[in-house]
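Undergrad: So that we are looking at the same thing, I have put the structure below in structure tokens.
The values are calculated or read from the model by the stated rules, or taken from the named source; none is laboratory data. Since we're looking at a predicted model, the values are computed, not measured. Cβ sites come from the backbone with ideal geometry, for glycine too, and all protein chains shown count toward neighbours. Please note that ligands, DNA and RNA were not included when accessible areas were found on the heavy atoms of the full protein model with its side chains. Shrake-Rupley method; radii C 1.70, N 1.55, O 1.52, S 1.80 Å.
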Amino acid sequence: MTTDWRTFGPDMLTPPLQAALRVFVREGYHGTSIRSIAEAAGLSVPGLYHHHRSKQAILDAIVTATMTEMLAHSHAAEEDSDGTPRGRFDNLVEALARFHMERRDHAFLASTEMRSMEPEVRARHIAQRDQQQRLLADAIADGVADGSFVSAYPADAARAISSLSVSIATWYQPDGPLTEDEVVERHLDFARRIVGAKGA
């Protein structure tokens, strides 16, 4: 598990998976052939199959690595908080915002290609997504219980904040008008208002 949750090094993908990610994002899952992935990775088709048995297995590996990394950052962010519901919430929201800025292609693929996942792969992805959702929902529910937040629907609030986080991957550009810290500041403001945080 990462301990420096605000920073990102190389992703968890092997070179063939990095090549596949680029092609999937550019062409879409159904528009991508095994041959085009192999060419992007500098491999023969048999060489690619030596690493991964199918295109679906490649998608599964990318999404699983992406979600595993996001959960690691989220757990580290929560552990690095002051332990209060508000502190946990702020760190989790910031972790999600930073992840979706740093791993734009990874997050985009994971969110848009659920439709292309076979049932077993989709179930694994949803289970990981639900783990992430519970971290945020629990922080909100605990904040409602101690009076930090005013929200009649903590689980719905968590879903709304997660959806806002995912959307960052579709519009954020490193050379755009906002710095990462400015995006985090605005995202936290939106999130705090959604849960009715005192002083938001």
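Undergrad: So, in the stretch 119-172, exactly how many residues are open to solvent by less than 30 Å² (accessible area, probe 1.4 Å), in a helix (DSSP H, G or I) and hydroxyl-bearing (Ser, Thr, Tyr)?
TA: Final tally of qualifying residues: 2.
Undergrad: Being in contact (Cβ under 8 Å) with a residue 24 or more places away in the chain, in a helix (DSSP H, G or I), of a type in the set (A, V, I, L, M, F, W, C) and open to solvent by 10 Å² or more (accessible area, probe 1.4 Å) is the filter here, so list the residues in the stretch 40-56 that pass it.
TA: Within the stretch 40-56, just ALA41 meets the criteria.
Undergrad: How many residues does the stretch 19-35 contain that are in a helix (DSSP H, G or I) and surrounded by 17 or more Cβ atoms within 10 Å (Cβ to Cβ)?
TA: Of the residues in that region, 6 qualify.
Undergrad: Looking at the stretch 57-78, I want the residues that are on the phi > 0 side of the Ramachandran plot and have a partner that is part of a helix (DSSP H, G or I) and open to solvent by less than 10 Å² (accessible area, probe 1.4 Å) with Cβ atoms under 6 Å, at least 6 apart or on another chain. Which pairs are those?
TA: Between residues of the stretch 57-78 that are on the phi > 0 side of the Ramachandran plot and residues that are part of a helix (DSSP H, G or I) and open to solvent by less than 10 Å² (accessible area, probe 1.4 Å), there is no close pair.
Undergrad: Among what's in the stretch 3-35 and is among the charged types (D, E, K, R) and modelled with pLDDT of 95 or more, pick the residue that is farthest from the chain's Cα centre (by Cα).
TA: ARG35
Undergrad: Within the stretch 145-171, track down each residue that is free of Cβ contacts under 8 Å to residues at least 24 places away in the same chain and under 20 Å from PRO85 (Cα atoms).
TA: Once the filter is applied, which keeps residues that are free of Cβ contacts under 8 Å to residues at least 24 places away in the same chain and under 20 Å from PRO85 (Cα atoms), the stretch 145-171 yields ALA152, TYR153, ALA155, ASP156.
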